[in-house]
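As C-alpha cells, the structure follows; a few thoughts come after it.
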C-alpha cells in the first residue's frame, strides 16, 4: 500500500516523513540467567517496507515486543543481539551510544501500552512535549517547540490543545493520554513509529479511534508503523503485513488480507479461532495448553504440543519460514504445509 502525500494534514513545521525499509535478518536475542544465556528471540527474519503498517502478533511471551524493541535496543540488562537490523543504510546493532541516542530521538519513536508509566506525573504535558521536540532538534527554540506541540496535539485530535499544555497526566483519560503519547512521538518528526500494544488498556471504542488515528498518520505523513498485538482482529483493517510469532520465532508472515482469509500455519489459525469474531454466533475456540517456557522448548516445532494437526515429524523437524506464495512473499514455518506445497527452500 502506498501512503498518500497529504502534507497539508501535517502540523505546520512538520515535513512528510521519508522512511526507509527496516530489515531483520536472523536476529537473535539472548539474556543472562543463573543457568547461562537464554535465547528469547531465535533467528527472526522479516522486512518492514517504507511507509507500510506491519503488525507483530502472538500470545504473551511470543517475542513480538522483544523483536520490535530491539530496533531501539530497549532490551533487558545484559541482552546480547546477533544478526542484522538495518534501517536503510544504518546497521542498528552497530550504532555507538551517541548514534543510538540520535536514532531514538530523531528517526524512531515508541508508544508503549501504558501511557501513565511513560509520562512524568509532576511535569505538565507541555513541558514534556517541548522536551521531546527539542531532543530531536536542539536548534528549535522553546517558542517554536511550543507552537509545534500545540499543533501536534490538535493533529492527534485532543480537544482544546492550548489549554492541555498546562495539564498534568492525571487530569486526562487513558485514551487522551495515548493521544498525547502519539503527539510526543510526532513532534520529533520521526520516520518510524513503534507501537507496543498501544490499545490494550483502552475500551473498544477508544481502541478503534487510536488505530484509525495511527492509520491516518501513516497515510498522511508516510510514517512506517510497527504494532505489536495479541489480537488479530484488531489489525484486520489496520495493517498491510502481518508477522505471527511463537516462542521467539516467526511462525508465519505475509499480507494481512491473505493470512486472515487463508492462514497456512496452525498457530495463526488457532489465534484467529480464539479472537472475537465479527459475525455473531461464531463460537470462540480457545487454544489448548500454554506457550512453552523459553528454557524448556520442546524438540522440533515449538507449537507441536498444542497443535491439533501435529504428526510425528513435527517433533523431529524444526521448520524455518519458507515461501508458500512467491508472488506475495507469504511464508510459513509449518513442515506439513511446506511438504504439501512442495516448498523446500
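The table below lists the values:
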read-out	value
Nearest-ten-degree value, helix 125-136 long axis tilted from longest Cα axis of the chain	70 degrees
Inter-probe distance in nm under a simple model that places probes 7 Å from Cα toward Cβ, at residue 288 and residue 340	1.9 nm
Kirkwood hydrodynamic radius (C-alpha pairs) into Stokes-Einstein, region 174-314, 10 °C and 1.306 mPa s, D in µm²/s	94 µm²/s
Value of D in µm² per second that Stokes-Einstein yields for region 123-195, Kirkwood Rh from Cα pairs, at 10 °C (1.306 mPa s)	132 µm²/s
FRET efficiency estimate (nearest 0.05) - Cβ-Cβ, residue 142 to residue 171, R0 25 angstrom	0.65
Relative exposure of 306, 106, 293, judged by other C-beta atoms within 10 Å (fewest first)	293, 106, 306
Rg/Rh (Cα only; Kirkwood hydrodynamic radius) as it applies to the chain	0.98
Enclosed volume per residue, in Å³, of the convex hull spanned by Cα atoms of region 69-151	134 Å³
Coordinate range along principal axes, alpha carbons of region 5-154, Å, largest first	53, 38, 32
Mean separation of Cα contacts under 8 Å, 6 or more apart, over the residue count of region 211-316: relative contact order %	19 percent
Region 106-228, Cα convex hull volume normalised per residue, Å³	92 Å³
Förster radius 25 Å - calculated FRET efficiency between residue 201 and residue 122, Cβ distance, rounded to 0.05	0.70
Contact order normalised by residue count of the chain, Cα under 8 Å, 6+ apart, percent	21 percent
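No lab work stands behind these numbers, since they all come straight from the coordinates. What you are looking at is a predicted structure, and each value in this text was computed from that prediction instead of being measured. Methodologically, a virtual Cβ is constructed for each residue, glycine included, from the backbone with ideal geometry; neighbour enumeration extends over all protein chains shown.
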